[in-house]
Amino acid sequence: MELRRRNLACNCVLLYGITLCLFSGTNLTAAIELYAPAEVLVENGTTGILKCSFKSREVISSAATVTWSFRPTGSDPGSAVSIFYYTSGKHYPGSVAQFKDRVKWAGDLNKKDASVHLIEAQFNDNGTYSCAVINPPDISVTAAQTQLKVVIKESLPQNSTAVIVSAVCGAVIGLILIAVVTCLIIKRHQTSHEYEGGR
């Protein structure tokens with residue numbers, strides 16, 4: 001009877017310890033936080049960049065991996081195919097002929113960057129690109145997604161920053177010219193008055 005009570009007490013303590021570990025937030029793995037722009041516009045025939053950055057609590061190890069997948073516009077979520085895989089400083093192309101030799105590594109895992117270049121973007125590249133990162137024991141629970149739209153040059157939005165900077169520079173140069181001309185006119189006017197006064 002005494003032995004049974006001891007076993008029951010030990011089992012209760014063990015169960016309590018496991019429960020405490022589970023509810024205290026002890027976690028063997030943590031989720032990597034991934035960041036990617038919601039939409040990217042790339043001119044047809046040019047090289048675009050698919051950006052993906054991440055946060056991991058772990059030191060980047062040689063076991064860290066990056067996987068990029070593609071799903072064409074209008075297709076169901078289950079139709080995504082792997083187009084790029086990176087690990088230990090080496091990259092491996094996916095099995096999709098459309099992307100053969102066109103997806104190149106552009107990131108730096110030590111800088112938490114998992115970006116890739118898409119070379120010679122084509123209209124049939126339109127779709128959703130997903131980036132997943134694993135840095136054991138951290139994993140990305142949900143992949144970061146970017147919607148790529150390949151467009152003709154005329155469809156690209158004009159860079160409003162460049163237009164604003166040009167306008168401001170033009171206005172400043174115009175004001176300087178007006179100030180210089182005004183100073184010259186005033187100086188000339190004063191010189192003629194002094195000359196007339198001397199007579």
query = Restricting attention to the stretch 98-107, does a residue exist that is in contact (Cβ under 8 Å) with a residue 60 or more places away in the chain, surrounded by 11 or more Cβ atoms within 10 Å (Cβ to Cβ) and either acidic (D, E) or under 22 Å from V141 (Cα atoms) (or both)?
reply = no
ask   = Being modelled with pLDDT under 95, assigned to a strand (DSSP E or B) and not hydrophobic (A, V, I, L, M, F, W, C), is that true of even one residue in the stretch 111-131?
value = no
ask   = Of the residues in the stretch 114-155, how many are of a type outside the set (V, I, T) and closer than 15 Å to T67 by Cβ?
value = 13
ask   = For the stretch 36-51, does any single residue satisfy the condition of being within 15 Å of the chain's Cα centre (by Cα), modelled with pLDDT of 95 or more and either over 30 Å from Y129 (Cα atoms) or aromatic (F, W, Y) (or both)?
value = no
query = Would the stretch 86-100 turn up any residue that is more than 28 Å from E58 (Cβ to Cβ), in contact with a His (Cβ under 9 Å, 6 or more places away or on another chain), of a type in the set (K, R) and not in a strand (DSSP E or B)?
reply = no
request  = For the stretch 47-79, enumerate the residues that are closer than 19 Å to Q145 by Cβ, open to solvent by 50 Å² or more (accessible area, probe 1.4 Å) and assigned to a loop (DSSP other than H, G, I, E, B).
outcome  = K51, T73, G74, D76
request  = Can you give me the number of residues within the stretch 167-199 that are at pLDDT below 65 and within 40 Å of the chain's Cα centre (by Cα)?
outcome  = 1
key: Number of the condition not met by T142 [criteria: (1) in a helix (DSSP H, G or I); (2) under 20 Å from E33 (Cα atoms)]   = (1)
request  = State which residue is nearest to D125 (Cα to Cα) when the search covers only the stretch 146-166 and only residues that are modelled with pLDDT of 70 or more and open to solvent by 100 Å² or more (accessible area, probe 1.4 Å).
outcome  = K153
Candidate set: the stretch 87-97, residues that are within 23 Å of T46 (Cα to Cα) and open to solvent by less than 70 Å² (accessible area, probe 1.4 Å); chosen: the one modelled with the lowest pLDDT = G94
key: Residues located in the stretch 101-110, provided they are of a type outside the set (S, T, N, Q) and either part of a strand (DSSP E or B) or over 14 Å from the mean Cα position of the chain (by Cα) (or both)   = D101, R102, V103, K104, W105, D108
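The values are calculated or read from the model by the stated rules, or taken from the named source; none is laboratory data. None of the values given here were measured: they were computed from a predicted structure. Cβ sites come from the backbone with ideal geometry, for glycine too, and all protein chains shown count toward neighbours. Only protein heavy atoms, including side chains, enter the accessible area calculation; ligands, DNA and RNA are left aside. Shrake-Rupley method; radii C 1.70, N 1.55, O 1.52, S 1.80 Å.
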